[in-house]
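The values are calculated or read from the model by the stated rules, or taken from the named source; none is laboratory data. It should be emphasised that the depicted structure is a prediction, and the values quoted were computed from it without experimental measurement. FYI the Cβ positions are ideal-geometry reconstructions off the backbone, even for glycines, and counts take in every protein chain you see. Quick note on the areas: whole protein, heavy atoms, side chains included, nothing else; ligands and nucleic acids left out. Shrake-Rupley method; radii C 1.70, N 1.55, O 1.52, S 1.80 Å.
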Amino acid sequence: METWIGPDGKLIYISPACERVSGYTPSDYMADPSLLDRIVLDEDRERVTAACRLGPEDAPHDMSFRIRCKNGDLRWIARGIRPVHASDGRPLGLRANDRDITQLKHAEQLAQSLAHADALTGLPNRRMLMEHLTQNLLRAQRFHRPLGLIFIDLNDFKRVNDQWGHDTGDELLRQVAQRLCQCVRASDTVARLGGDEFVILLTELSHADDATRVADKILQAFVEPVRLGEHALIVTMSMGITLPDTKHRQDPREVMAQADQAMYRVKRSGQNGWVLFREPT
């Protein structure tokens, strides 16, 4: 839609397309000039208002913002604002061209979500986990608060896929994800790296022993079988725990490798349990 604003800041013209975009007719806007500002979300209004104060000497300006439509829907608008001059150079005000980019924004948000989330379980993926780990390692070093990382690998997961099919295997992973999330706080991060590998980042621990207590809680949570249609499966797992040194800066990849090494010690033993990583002596 197209909007013309005079040199005095008053609305001169708004195109009929405004009704398709916002639900309000040109008559609504002309009868209530403040409506053009009021439908803009509070968080965006200051930017939009400032852009509409462009002087005749200012360069064209592009921006995006959100509006609340007459029916209550939220829409994203892309606006291009251009100062307008008469043939003799006199400033005539501003012309704004608005485009509805709601679908584009939704697509961008979906792409952003998929870039950071595991499509099967909805958990954070490796990329998001590494971002959280990097941030929390710096925070732990600054405030000297214990941090814990648990690397989890399910035992005999391949057998589930081979015997009952990949759909059943996928359902198992989803249910495992749900139970793991129930064992931690909202401030912690449960991530799926891929396959049957999960990682839990425990932040702001009161004591280093809290990490091993969470591992025990996880083992207890899987004493009950996981129901997979007609099947009931006892899930066992190998867990490696590392407690990063908060006195010195550590590489997130090194921390992950420590937990991975500890996990493989359990994996090789064939047991259902956890091992705490210890630096070689």
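Remarks
- Taking θ as phi - 60° and the Karplus parameters 6.51, -1.76 and 1.60, the scalar couplings of region 207-213 work out to 8, 4, 5, 4, 5, 6, 5 Hz in sequence order, x denoting glycine and proline.
- Exposed trypsin sites (Lys or Arg not before Pro) absent - longest run of the chain, DSSP non-H/G/I/E/B, at most 15 other C-beta within 10 Å: 71-184
- The Cα center of region 258-273 and the Cα center of region 1-52 differ in position by 63 Å.
- Which of LEU129, VAL84, THR203, positive extreme of dipole for the chain (C-beta unit charges): THR203
- The helix-based estimate of mean residue ellipticity at 222 nm for the chain, built from -39,500 (n - 2.57) per DSSP H run of four or more residues and divided by its residue count, is -12500 deg cm²/dmol to the nearest 500.
- Accessible surface for the chain, divided over its residues, is 56 Å² per residue with a 1.4 Å probe.
- Straight-line cross-link reach from LYS158 at under 19 Å between alpha-carbon atoms covers these lysines, not counting any fewer than eight positions away in the same chain: LYS267.
- Annotation: aspartates and glutamates with alpha-carbon distance below 12 angstrom to LYS217 (same-chain offsets under eight excluded): none found.
- Cα-centre dipole for region 187-269 with unit charges at Cβ (Lys and Arg positive, Asp and Glu negative), debye to 20: 180 debye
- Within the accessible area of region 127-213 (1.4 Å probe), percent carbon and sulfur: 46 percent
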